[in-house]
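Peer 1: Here's a structure for you.
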Amino acid sequence: MTAATDFIAFDKVCKSFGDNRVLDDLSFSVANGERVTLIGPSGSGKTTILRILMTLLRPDDGTVTVGEDYLFHEKQSDALAPASDAHIRRVRSKITMVFQQFNLFPNMKVLRNITEAPMLVHGKSKDEAVARARELLELVGLTGKEDAYPSQLSGGQQQRVAIARALAVSPDVLLLDEVTSALDPEIAAEVLDLLRDIAKTSDVTMLCVTHAMKFAKDVSHRVLMFNEGKIVEDGSPEQIFNDPQHDRTKTFLRSVIDET
Amino acid sequence: MDWNWSVVGDFMPKLGEGLLTALQATVLGFLVALVLGLVFTLLRRSRFVWIRAPFAFIIEFIRSTPLLVQLFFLFYVLPEIGITLSPLTAGVIGLGLHYATYVSEVYRAGIDAVPPGQWEAATALNLPKGRTWTSVILPQAIPRSIPALTNYLIALFKDVPQLVAITVAEPFFQARELSAQTFRTFEAITMAGLAYLVTAFVLSYFGRLVERRYGKVY
């Protein structure tokens, strides 16, 4: 199995959509508290990894572990059996995700968007949840927006609320799926600054899919370069960005830099 | 053909009574349809095929048989197996059951229109399944369904005259009594028709108010 320091581990994970093999026998691991950025061309499987970790997708084959637990399996005597819903819910409670399209609940005011999960899933009292939500709104710079509906906020503000909502469940693992791709460049930069601050002041394990290379360089401990469902290069941001070894990484980085 | 106002005047109390009965059948029948329709929708989405399949069949069965036949069955056939229903109760159950199958389709469309990202966000926050339905999905699906639901409310109301067949004393039942006693069929049927027309207008106005007040998710 995996080394003791590994917190998240993919072991020989395969995932196909129809004939399209998105993850091909993929194995990698992430240590507790590590911040990892997944880069690579679109369709290379980065987002699929986050979606599998969030249990929005199930792998066709292979295992995923989070901490001591298998995410999709349960140990029964010595064999692995498919996990029950209760098991998945328990393991999943350590993980949360921020989405490209924010996905706030439009029928709830900002405050309730943030307090819903802490109260329902994590058994916080209303006072506790509201106090924490107000702290988080202050952190993301949206004090005073408690009673707004998401539709009354700009895209950047909605994404800040989504970040507050994710932090409110005190996750061990935070998944960021192209969180600034739907935002204007200027607004995106502000949201990235916020995430940079959060990364630097917390020990949450972060897996991040982004096209913002400067952000990747600033916050991550490690960068994984994907191509066609495989990791082609795995290194520190300095090494990957300044001295890429693999040809695919070199052409990818060149195209991204040309773009910006 | 002459129009006799004094017959009309004498008919008013009975017509009013009939209209109240019709409204009772409408409101109760629609409530049954709203609740049962939701139950149908959710059962049809069950992940267990042994729940899903029989309900898909039951819904299709109810939708494909005429309301009148269902009413006869409830009122005249059920007593033979020892279940006797009052006319109004049979009418409410018949209308409710029949319209539940239509209402269920409306809810289904409303639920399908909720973006997948909402389910995904609920998963990311680990909200329990039941709570995802009650606090995320349905509060978005139902407001979208309101315009179609108010249409079915009016359609149901206009099906109430079929309850004559099981002796519910709605306006046309009253009109037939009147014409049998006075032979003033023209006045009787016209007044009963007008009672339905005016009430349908009021209901559709009321429907638009509800749409305006509750029809948006935000």
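Values quoted throughout were computed directly from the atomic coordinates according to the rules given, and no laboratory measurement underlies them. The model shown is predicted, which means the values in this text are computed figures rather than measured ones. Counting neighbours? That spans all protein chains shown, and the Cβs are built from the backbone with ideal geometry, glycine included.
Peer 1: Placing +1 at every Lys and Arg Cβ and -1 at every Asp and Glu Cβ, with all other atoms neutral, what dipole size does segment B:5-214 have around its Cα centre, in debye to the nearest 20? Show your work: numbers first, answer last.
Peer 2: Working: 16 positive and 12 negative charges, 160 e Å.
Here segment B:5-214 has a charge dipole of around 780 debye.
Peer 1: Using Cα-Cα distances under 8 Å and only pairs 6 or more residues apart, what relative contact order does segment B:141-192 have, in percent?
Peer 2: So the answer I get is 21 percent.
Peer 1: Same structure again: Quick one: divide the alpha-carbon radius of gyration of segment B:46-125 by 2.2 N^0.38 Å and tell me what you get.
Peer 2: 1.51
Peer 1: Find out how many positive minus negative residues lie around A:Val169, taking Lys and Arg as positive, Asp and Glu as negative, among other residues whose Cβ is under 12 Å from that of A:Val169.
Peer 2: +3
Peer 1: Next up: Anything in chain A that counts as a DSSP H helix reaching 15 Å or more along its axis (C-alpha) with Kyte-Doolittle mean of at least 0.5? List them, would you?
Peer 2: A:110-120
Peer 1: Using only C-alpha atoms and all pairs of different ones, pull out the Kirkwood radius for segment B:79-135 in Å with one decimal.
Peer 2: Computed over Cα pairs of segment B:79-135, the Kirkwood hydrodynamic radius comes out at 14.6 Å.
Peer 1: Here's a follow-up. Based on Cα positions only, what radius of gyration and what Dmax would you give for segment B:5-214, in angstroms?
Peer 2: Values for segment B:5-214 (Cα only, Rg and Dmax): 20.4, 71 Å.
Peer 1: Follow-up question, since we're still on this one. Over the whole of A:87-93, what's the average partner chain Cβ count within 10 Å per residue? Rounded to a whole number, please.
Peer 2: Per-residue shielding by partner chains comes out at 2.
Peer 1: For chain A, rounded, prolate or oblate, judged on the Cα gyration tensor with a ≥ b ≥ c (square roots of eigenvalues), a/c < 1.5 rounded, else prolate if a/b > b/c? Kindly include the intermediate steps, with their values, before the conclusion.
Peer 2: Values: a/c = 1.89, a/b = 1.17, b/c = 1.61.
Because a/c hits 1.5 or more and a/b fails to exceed b/c, chain A counts as oblate.
Peer 1: What 222 nm value per residue comes from the helices of chain B, counting each DSSP H run with n ≥ 4 as -39,500 (n - 2.57) and dividing by all residues, nearest 500 deg cm²/dmol?
Peer 2: -25500 deg cm²/dmol
Peer 1: Per residue of A:105-118, how many C-beta atoms from partner chains lie within 10 Å of its own C-beta, taken as a mean?
Peer 2: That works out to 4 on average.
Peer 1: Would you please classify the overall shape of the protein assembly as shown from the alpha carbon gyration tensor, given that a ≥ b ≥ c denote the square roots of the eigenvalues, rounded means a/c under 1.5, and beyond that prolate means a/b larger than b/c while oblate covers the rest?
Peer 2: Because a/c hits 1.5 or more and a/b exceeds b/c, the protein assembly as shown counts as prolate.
Peer 1: Counting only other residues whose beta carbon sits under 12 Å from that of A:Lys75, what net charge do I get with K and R as +1, D and E as -1? Show your work: numbers first, answer last.
Peer 2: Numbers: positive: none; negative: A:Glu68, A:Asp69, A:Glu74, A:Asp78.
Its environment carries a net charge of -4.
Peer 1: Under a plain spin-label model, where a point goes 7 Å from the Cα along Cα-to-Cβ, how far apart in nm are B:Lys158 and B:Phe61?
Peer 2: 2.9 nm
Peer 1: Using Cβ contacts closer than 10 Å as the measure, can you line up B:Met12, A:Met206 from fewest to most?
Peer 2: Ranking B:Met12, A:Met206 by Cβ neighbours within 10 Å, fewest first, gives B:Met12, A:Met206.
Peer 1: While we're on this one: Just to be sure I understand the rule: take each whole DSSP H helix in chain B, project its Cα atoms onto its long axis, keep it if the span is 20 Å or more and its mean Kyte-Doolittle hydropathy is at least 0.0. Which ones pass?
Peer 2: B:5-44, B:49-63, B:87-112, B:138-159, B:185-214
Peer 1: Roughly what % of DSSP beta bridges within the protein assembly as shown run antiparallel, to the nearest 5?
Peer 2: Close to 60 percent.
Peer 1: Could you list B:His98, A:His246 so that the one with the fewest beta carbons within 10 Å of its beta carbon is first and the one with the most is last? Mind showing how you got there, number by number?
Peer 2: Numbers: B:His98 23, A:His246 16.
By the 10 Å Cβ count, ascending, the order reads A:His246, B:His98.
Peer 1: Tell me which of B:Tyr196, B:Trp133, B:Phe157 sits at the most positive position along the dipole axis of segment B:5-214, charges placed on C-beta atoms (Lys, Arg +1; Asp, Glu -1).
Peer 2: B:Trp133
Peer 1: Please give every one of the lysines within straight-line cross-link reach of A:Lys217, meaning a C-alpha to C-alpha distance under 25 Å, and leave out same-chain neighbours fewer than 8 residues apart.
Peer 2: Counting by Cα, and skipping residues close in sequence, A:Lys217 has these lysines nearby: A:Lys46, A:Lys200, A:Lys230, A:Lys250.
Peer 1: A follow-up question, please. Lys/Arg Cβ at +1, Asp/Glu Cβ at -1, dipole of chain B taken about the Cα centre: which of B:Ala124, B:Leu42, B:Tyr205 is farthest positive-ward?
Peer 2: B:Ala124
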